[in-house]
Every structure is written in structure tokens, then in C-alpha cells.
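Quick notes on the structure that follows.
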Amino acid sequence: MGVADSWQQEQVSLAYVAALATRGGYTLGKWEVDKDGVDLSVKRSDGLTFELQMKCTYSPTMVAQGTAYSYDLDIPTYDKLRASTRTSVGFLGLVVVPRDLEEWMVHDERELTMRCSGYWVKLQDAPPVDNTSTKAIHLPMSQRIDLPGFEEMFSHALHRLMYGARAVTAA
């Protein structure tokens, strides 16, 4: 049984999004340096874009009577993703993988199958917190990182573009 290092968790979360973006026909931009709390930008052919900070875990905490995962996000990243001055909507993505690294993927002569699932939550315009270390973020299991989930994220981006940050905050 192999336990993954953090870099392997990061890479599988990015590969998960890349595979879906490819399937959906979206353009993916990967940031070399993660100083702005963003790993990836996802762009649709009409120019609409949203941004993701990706995380990965093999030991998720369940909350909300088993309907959501909780992830402790560091406050600097939380503040960057929630900032009202962002021009692209900021989301947190969480990919859940099996504990054993050997179970993450099945690869044979016919296929490569990833054994993981992803979830997202919009942090754009979220309220500030008094805590200085981490904020528990709840990611509903109904908000999957999949093609319909991408379209929901694009919908948030369009709403922000059309109505501005103030309307989004008031909504």
C-alpha cells in the first residue's frame, strides 16, 4: 500500500480537471506560480473564464449529515479567492482519492480509469473571517466537478460579468 506525497495529490487533482476540460472542449490555463490562490483557469470558447484552487485528500471529513465534505483552507488563499476585486470568479475544488496510491488509477492495455471524484464551491464574495489560520470550507457532494458542474461555474462567471460584484454579493 502506497501513501501519496502532497505533490502527487496536487498532480492528480490537476489531471482530473484537465481530463474533464479536454472532454468539454474548454481551454485550460495552468499557473506556474500559485501566489494568487489559483492553480487553473478554465475558459470556454465564448471567452468566459473561472478560476480554481485545487486540493486533494484521501481522508475527507464528512459534514452536513453526509452531504458535504469539509476542507480546512488556509486564510490567505481563502481571502484571495473571495476578494470582491477578482475579475474571474474564484472556486475551491477538492478531489477525493482512495487512501492507497495504487488504487487511484486503473491502467491496462485498453483504458486508463481515474478512481477519484471532485467537488467545488464558490468562494467569490464570501464573508471575511476572524480566524487567522484556516477556514473550514464545506463542499456539497451535489456540486461535482464534472461537465454540468463546469457549466454551473460558468453560469456564476456570466452572472458576475453581467451584474457585477455588488449584485452577486447581494444575491
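The values are calculated or read from the model by the stated rules, or taken from the named source; none is laboratory data. Everything numeric in this text was worked out from a predicted model, so none of it was measured. Positions of Cβ are backbone-derived with ideal geometry, glycine not excepted, and every protein chain shown enters the neighbour counts.
Going by what's in this entry, would Val3 be described as part of a loop (DSSP other than H, G, I, E, B), touching a helix residue (DSSP H, G or I) at 6+ places or on another chain (Cβ under 9 Å) and either modelled with pLDDT of 95 or more or not aromatic (Phe, Trp, Tyr) (or both)?
Yes.
In region 51-72, what residues are among the hydrophobic types (A, V, I, L, M, F, W, C) and either more than 21 Å from Cys116 (Cβ to Cβ) or surrounded by fewer than 21 Cβ atoms within 10 Å (Cβ to Cβ) (or both)? Step through it out loud before you land on a result.
We begin by selecting, within region 51-72, every residue among the hydrophobic types (A, V, I, L, M, F, W, C); these are 52, 54, 56, 62-64, 68.
Within region 51-72, Met62, Val63, Ala64, Ala68 qualify.
Looking at region 110-148, which of its residues are over 20 Å from Gly37 (Cβ atoms) and either assigned to a helix (DSSP H, G or I) or among the hydroxyl-bearing types (Ser, Thr, Tyr) (or both)?
Thr113, Ser117, Ser142, Leu147, Pro148
Pick out the one residue from Val106, Val63, Val38 that is of a type outside the set (Gly, Ala, Ser) and in contact with a His (Cβ under 6 Å, 6 or more places away or on another chain).
Just a single option satisfies the conditions, and that option is Val63.
Only one of (1) hydrophobic (A, V, I, L, M, F, W, C); (2) closer than 21 Å to Asp146 by Cα; (3) touching a Phe, Trp or Tyr at 6+ places or on another chain (Cβ under 9 Å) is not met by Leu101, so which one is it?
For Leu101, the failing item is (2).
Quick check on region 14-44: of everything there that is aliphatic (A, V, I, L, M) and closer than 20 Å to Asp79 by Cα, which residue is surrounded by the most Cβ atoms within 10 Å (Cβ to Cβ)?
Of all residues in region 14-44, those aliphatic (A, V, I, L, M) come to 14-15, 17-21, 28, 33, 38, 40, 42.
Imposing the further condition that a residue be closer than 20 Å to Asp79 by Cα reduces the set to 33, 38, 40.
Numbers: Val33: 6, Val38: 23, Leu40: 21.
Restricting to residues being aliphatic (A, V, I, L, M) and closer than 20 Å to Asp79 by Cα, the top hit is Val38.
Go through region 61-108 and give me each residue that's in a loop (DSSP other than H, G, I, E, B) and either under 24 Å from Asp130 (Cα atoms) or aromatic (Phe, Trp, Tyr) (or both).
Within region 61-108, Ala64, Ala83, Ser84, Thr85, Arg86, Trp104 qualify.
Looking at Ala21, Ala68 in this structure, which one is under 24 Å from Gln124 (Cα atoms), modelled with pLDDT of 85 or more and in contact with a Pro (Cβ under 7 Å, 6 or more places away or on another chain)?
So the residue among Ala21, Ala68 that is under 24 Å from Gln124 (Cα atoms), modelled with pLDDT of 85 or more and in contact with a Pro (Cβ under 7 Å, 6 or more places away or on another chain) is Ala68.
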